[in-house]
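Let me begin by presenting the structure, written as structure tokens, before commenting on it.
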Amino acid sequence: MERLCELCGKPIPPERLDALPKTRRCVDCARENGSDIDTKRADIGMDLDTYRDLLRAVRS
Ligand SMILES: [Zn+2]
């Protein structure tokens, strides 16, 4: 299932939709304009997109 970013119209990567099923913004737009999903921020103490980047960096 493909979803397009509400801001730039580009497809949102499937791995992002896996992590954030309700997001309507791609990574770039979320970073520049703020994520539309912030419910988890309190749990992990940082922006969820930053957290995902961190996880990816650790794995690679
Ligand atoms: Zn976008």
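All of the numbers you see were taken from the coordinates with simple rules; none came from a lab. Since this is a predicted model, take the numbers as computed values, not measurements. Here Cβ is always computed from backbone atoms with ideal geometry, including for glycine, and neighbour counts include all displayed protein chains.
Annotations for the structure displayed:
- Between LYS22 and LYS10, full extension at 0.36 nm per residue minus the direct alpha carbon distance yields a gain of 2.7 nm.
- Length added when fully stretched, ASN33-MET1, from 0.36 nm per residue minus Cα-Cα: 9.1 nm
- A DSSP coil position with no more than 13 other Cβ atoms inside 10 Å describes the following trypsin sites (Lys or Arg not before Pro) in the stretch 1-31: LYS22.
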